[in-house]
Each structure stands twice: as structure tokens, then as C-alpha cells.
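One structure is given here, and the rest of the page talks about it.
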Amino acid sequence: MADKQLLLGDEAVALGALHAGLSGVYAYPGTPSTEITEYIQAHPLASERAVHTDWTCNEKTAMEGALGMSYAGKRALVCMKHVGMNVCMDAFMGSAMTGANGGLVVTACDDPSMHSSQNEQDSRFLGTFAMMPVFEPSNQQEAYEMTRAAFDYSEENGIPVLMRLTTRMAHSRAVVTPREVRRQNEMHLPEHPRRWVTLPVNARVRNRELIADNVKFEEDACNSPFNRLTDGPDHSLGIVACGIAYNYLMENFPDGCPYPVLKVSQYPFPCRLANELAAMAGKILVLEEGQPLIEKRMRGVFPTKVEVHGRLDGTVVRDGELTPDEVRKALGMEAHPSYPASQVVVPRPPALCQGCGHRDFYTALNNVLKKDYPTAQVFSDIGCYTLGYMAPLNAINTCVEMGASFTMAQGAAYSGVWPAVAVLGDSTFTHSGMTGLLDAVNAKANVVLCISDNLTTGMTGGQDSAGTGRIEAICEGLGVEKEHIRTIVPLPKNYPDMEKVIREEIEYNGVSVIVSRRECIQTLRRHAKK
Amino acid sequence: MKVDIILAGVGGQGILSIATVIGSAALSDGLYLKQAEVHGMSQRGGDVQSHMRISSEPIHSDLIPKGCADLIVSLEPMEALRYLPYLSKEGWIITNTVPFKNIPNYPEMSAIEAELGRLPHVIALDVDAIAAEIHSPRSANMVLLGAAASVIDLGEDLLRDGIRRIFARKGEDIVETNLNAFEAGIQFAKKRQ
Ligand SMILES: Cc1ncc(C[n+]2csc(CCOP(=O)(O)OP(=O)(O)O)c2C)c(N)n1
Ligand code: SF4
């Protein structure tokens, strides 16, 4: 067991969970969280112990499945990218009220700098919001240890724990030394059955308990082995370094940091330790990956004796990922000598693969709309097909969040936009397009809703898609008229047929669904290799 | 010992296969290692890079600071230049010379060559041609690793063992092919000096 392994931060969380006696991982893919679930799926211990590892339809069903497992006394892990938290928020907030029975750990992977995302939201806020403890590892070994500790903490305190990773932590590899494997929990029902029925009469009681528990959670954070206040010889500055920011700080001081440092990896924010730091140094620099949560908290509204610096006053770059260089600048240290950026280099943005079916679908759609329907608006969604925005296709007008295409098209159609066309992928359809389709059917909306079905979840690396083989049946079940569910095969030789179908459905006044189906060529290649 | 490497290329070129071999070599020598990878959106034909740090002392940051990389190993010439601000003033660039043109405004090759020519330590080679010459067209990445071997400072034997371990699953033929490609890269770099 003491075999060292080279693991991504994501994989360290996965192995930590397996070794903590995990009974189920509940997840919907999303960069940078996907590798947690994929690692568990491939691990022999998961099959040996019959761990639940199927992808769920979306993050809300994931959170709820895991909560059910926790209710039954077993240990469950939920994984998602940061914006997945928005989708599961109702269940997540609810789980703070029910509390946990079996250990319940929710892992949210944030993406500062938006390497593969639409925003920079910082999940630590949501832990604070739900009054839940938050764990934020600073390195891969800690990610392994903390995941194990998070399950124990969750069970001991009857509360779910939010684990927060950021892209660098999730997608960087280092050596991890694992420990002994813990047994799985036996099924056992909750000790506090009233908590699990969140009627006001119970919820009011539970809310006060949770508020009281937070005093303990904060004291635990002050005593946590993952948080540490270290003194230094130079008291002209004190530093608060959260999560991975601690590494960037230490990178700049190979012989040890001269300033007192409060390393924070477990929240609620350990205020007592922060006060001890402020007693050492009257000027504080806050280094945190993501939004200025701690800085704002420490700064407050009214003037104080303690100076607080960070992202808000421009000492640290206001947005984007931290780097050793940004931290160096914030420390007032001179940059290492380096070459300027090359003037020859041009950007190389991601693009749809050559031969991708989305390309052929958009080409046919463009051929129809650009020529005959110049007032058309195309509401798209999140997936590989969002890249249809790029030149030369320039095929879409919107992309907001998963599922928004089908529903925004309806609002726009109601306001007079014609043709109102929506495009989403098969996995996005089952994630949050189906409810919007039922809305359209009920409202008899005049929309053309297209499902570009590549039989997989392409953008995140080709995971199984929940509705494969049943897309038309689902549409029919939701009430779309059979003759307005049209299936086409996106290939250049089929452009004339595809265009004819698109035209006919635009001209139909009602809900049309066009399913454009051809397997993702990357998935196809992988399947061919097997 | 301490070496900071930036691996560069275009999504789909497989820079991680090089990282895996170096990583295996470093681990077998008991060294510390951190390797920041790119997963997700950029893999769709965008620029990808990996920061690989190896040291006999514990490593803090997963990212290499600007001006501190000892070498940039790139499967594509323009991508080698993208990370120039990370290269130390004494650092090396080891790059493939074959451009990967999946964008309409790819710069003139002469401009890229001129910029590479202004740097003190560059090894530029057509890894695809060398791999084809020795009849192992699919081992171009190992040719590049061979050309970088003398600068990586792990010892050629350690890297050879890494190749054996990583490709063992695929059979002895594949191991041999990749070792040959690695040797061809080493020879190219030697002849040049
Ligand atoms: C709420 C939320 N969860 C997960 C993601 C990550 N994500 C982005 S695109 C995508 C897959 C979309 O798959 P599909 O709709 O089938 O389109 P494809 O990429 O295959 O073309 C996922 C999971 C996200 N952006 N938002
Ligand atoms: S991964 Fe698949 S769906 Fe995504 S662009 Fe490539 S072929 Fe298209």
C-alpha cells in the first residue's frame, strides 16, 4: 500500500475516497473535475467493492443520489465543475439542513482564468453560504489525506463537506504515498430522522443547530493540521495563503519565507489564527486563488488598524489564476530576467475536429439561414458544438449555460424572433434540455429545436451520454408530434436532404425537433481501437 | 539536481507521451516531480503545454515561473516560441521544425526560423522525417525526446528505462521502435554539436 504513485490532484481525491471506504461516486463530467470519476471507474477496488460509478444525468441528480446513499449510512462522493454547483444548488443547500449520515463529500473544481469554462465563480462562497465546512488542498498528497479526513469529519459532525479544487490542483501530477484501505460502511439509517424532513417545524430547529455547529467548525479549523500559522523573522508583513496559493508563495522563498504565514486549507476561516497573525504584523497580504472571499471578510467596511492587501486594492492581479510570477510581484520582488513574448506567435484557439458531424450540421443550417432566413437567430448551448461560433462557421448567436438554448429560443420566439432555432448536444439535452422541451410543447412555441447527437459527451472527453439510442423516443414521450421529429445524418453528401428538412421545419408553425446524428470521430476512433 | 521543462505542442500531438517517459525516469531515480497538464477545451486543436518540474528537493509550485525553464521541448515550431517568456536566458529550445497549420493566419516560416535563430541554444529538427527514415513514423515524439536528452540531465539510460517501462504493455517491437527513435534523436543532437 505504501507504493508511491504519480497522481493528478483529481486522482489523489479519487484514491483518497476509495481508500476511505467509498460506496458511490455520483458525478456529471466537467473540466477540471472529470478525472476524479474516471479514475474511480477504472480502479480495480471499485469493481471489487461494487462502488456505484455510473455518470448521472446532471449535477442535481448526482447530489441527490449521493445524499440518498449518505441517508443509508454509506460514504458517497459528488464531483462536478464549479458551474455544476449552480445546477445542484437546491439539493446542496438542502443537504446542509438534512446533514450527513454516511460521510458525504462534494467536490467542486473551480476554473480561474476560465481555461474551459464560462465564468470564474469561487465555490468557497457556496460553502460559506450553506454553512458547511470547506476543505481546499494545497498539494496532491494533501488532496489524498484531506479527502479521507473529509469523510471522517463529515460522519463525525453529521455535515456534508465541500472539497474545493482549482484547475492547477486538479490537473497537476505529483507523487502520492497512499495509506491503508478502510472498510466500507454497513447500511444504517440516520440517528436524527426529523432532520431529513425539512418541513419548517423541523428546519427551524435544524437551522439553529447548524448555526451553533459552525462555532465548532471554526474552532476545528483553528486546530486543523491542514491550517498552520508559522512565524518568521520579518514582521513588516503577514501573509494569508489559501489552498494552492501557499505553493506560489513558498516558490519565491526557497530558503523559507521571512514573514509570518497563515496557511489556510480548511474553512470556516480560522479567525482566531488570523488575529494572531495580525498581532504579529500590522500589514496583511491575502493570497487566494479565485475571488477575494477572505480578503473582503478581513477588510470589512470600516477603517481598521490592520492594513489588508490583495486583489481588491490591486496588489494582486484582480482576476484570473494566480501564478508564482503574480505572487512574486505582489510581494514586491523583482521578476526573474526573461525573454519578452515573441511577436511572431499568433493565437491558436480550439476548433471543431476536421470531419466532426457538428461541422456538417452547421454548414447545412448556414446554407438555409444565411440565404433565405436572414432574420433567424440561433440559440446554442454548451458542448463541442459551441465552437460553431468561430469563423468561418459563425453559426450561433448565444451560449449561456447548459440547457439555455431550448428555453431562450422560446422566449425569443414569443417576442417575435423568427425563425427561432436552438442547437444543443445529446448530453446537454438529457442534462437540462428535456424540461425545456416540455415547456415548448405545452406552450405550442414556434421553434426549431435541434439536437446535434454525436452519441457521446464530446467536450469532456467522450463519456457515455445518458439518452443514447432513445432521443427520439424521449421527444415523442414529451409530446412532440411524431411527424415533426426529423432525423438527419450530417455528411456533405446529405446537404440537400438536410437543408430540405431544415426548411420544412422552419415553415411549420409549432415545435419541431431535428436530430442530427453521427458519432463523434474521436469516440469512433477509440471504439475502433478496442 | 533541478530541471524545469516546458513541453509544448498542439492538442492531439501527444506531448503527454514525452512527459510520461520523463516522469517515469525521474520517479525511478527517487526524484521529486510535479507536472501541470492541460485537459479539456484546448485539446481540440488548440495550443497545449505541460510544465514539468524535476528536483532532488521538494517542489512547491506546479507552474514554472517566467524566466526559469531550463528547456522548452516542442512538437511544433511556433508553439516553441509561444513559451519564450518562460525560458531562462541560458535555456534551450528543442523543437520540431514541421509546422502544424490549422489556423488561417499561421505566420511565415521564415519569421519563425529567424526568431529561433536569434536565440543562443536551439536544436531544431524535422522529427517526422527522421522517424520516417528509421521506419518508425509513429515514434516522432521519442526522436524529439532523444534530441533533448543531453539537456534534460537525467542520464540517457534512465530515459531508456523509462521508454521500456512505458511501452512494455504494447510489446517488444514497439519498445524497440521507440528506443531506435530515441537513439536517432540523440545522434542528431550529437552531430550538430
Ligand atoms: C453545469 C455544467 N456541467 C458540466 C459542464 C461541462 N460540459 C461542458 S460541455 C459538456 C458536454 C456536452 O456534451 P454534448 O451536449 O453531448 O455535446 P458534445 O460536446 O458532445 O458536442 C459538458 C459536460 C458545464 N459546462 N456546465
Ligand atoms: S471531439 Fe467529437 S464532437 Fe468534439 S469536435 Fe471533435 S469530433 Fe466533434
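The values are calculated or read from the model by the stated rules, or taken from the named source; none is laboratory data. Keep in mind that what you see is a predicted model, and the values were worked out from it rather than measured. Note: ideal-geometry Cβ built from the backbone for every residue, glycine included; neighbour counts use all protein chains shown.
See the values below:
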quantity	calculated
Number of positions in region A:72-101 that are basic (Lys, Arg) and more than 16 Å from ligand 1 (Cβ to nearest atom)	2
Those strands (runs of 3 or more DSSP E) lying entirely in region A:1-93 with at least 1 residues closer than 21 Å to residue A:124 by Cβ and under 16 Å from the mean Cα position of the chain (by Cα)	A:22-27, A:75-81
Unique residue being at pLDDT below 95 and either within 14 Å of another protein chain (Cβ to nearest Cβ) or at negative phi (or both) when the list is A:349, A:324, A:337, A:292	A:349
Selected residue [without any contact (Cβ under 8 Å) to a residue 12 or more places away in the chain and either more than 30 Å from residue B:116 (Cα to Cα) or more than 16 Å from ligand 1 (Cβ to nearest atom) (or both)] from A:319, A:372, A:313	A:313
Selection count where residues are away from ligand 1 (no atom under 16 Å from the Cβ), buried (at least 20 other Cβ atoms within 10 Å of the Cβ) and of a type in the set (S, T, N, Q), scope region A:102-156	5
Single unsatisfied condition, residue B:86 versus (1) surrounded by fewer than 20 Cβ atoms within 10 Å (Cβ to Cβ); (2) farther than 17 Å from residue B:12 by Cα; (3) at pLDDT 95 or above	(1)
Test: residue in region A:445-456 that is of a type in the set (D, E, K, R), touching a residue at least 12 places away in the same chain (Cβ under 8 Å) and near ligand 1 (Cβ under 9 Å from one of its atoms)	yes
Flag if residue A:285 is under 16 Å from residue A:229 (Cβ atoms) and either at pLDDT below 95 or assigned to a helix (DSSP H, G or I) (or both)	no
Filtered residue count, region A:288-324, keeping only those that are in contact with a Cys (Cβ under 8 Å, 6 or more places away or on another chain) and part of a loop (DSSP other than H, G, I, E, B)	2
Hits in region B:112-136 - residues which are in a helix (DSSP H, G or I) and within 17 Å of the chain's Cα centre (by Cα)	B:116, B:127, B:128, B:129, B:130, B:131
Unique match (being of a type in the set (S, T, N, Q), more than 9 Å from chain A (Cβ to nearest Cβ) and more than 23 Å from residue B:175 (Cα to Cα)) among B:150, B:110	B:110
Condition met for residue A:478 (in contact (Cβ under 8 Å) with a residue 60 or more places away in the chain and surrounded by 14 or more Cβ atoms within 10 Å (Cβ to Cβ))	no
Matching residues in region A:23-37 - criterion: being polar (S, T, N, Q), within 13 Å of ligand 1 (Cβ to nearest atom) and touching a Gly at 6+ places or on another chain (Cβ under 8 Å)	A:31, A:33, A:34
Lone unmet requirement of (1) in contact (Cβ under 8 Å) with a residue 40 or more places away in the chain; (2) more than 16 Å from ligand 2 (Cβ to nearest atom); (3) under 27 Å from residue A:30 (Cβ atoms) for residue A:523	(2)
Exclusive hit being of a type outside the set (Gly, Ala, Ser), more than 26 Å from residue A:461 (Cβ to Cβ), within 16 Å of ligand 1 (Cβ to nearest atom) and touching a residue at least 12 places away in the same chain (Cβ under 8 Å), set A:386, A:407, A:363, A:398	A:407
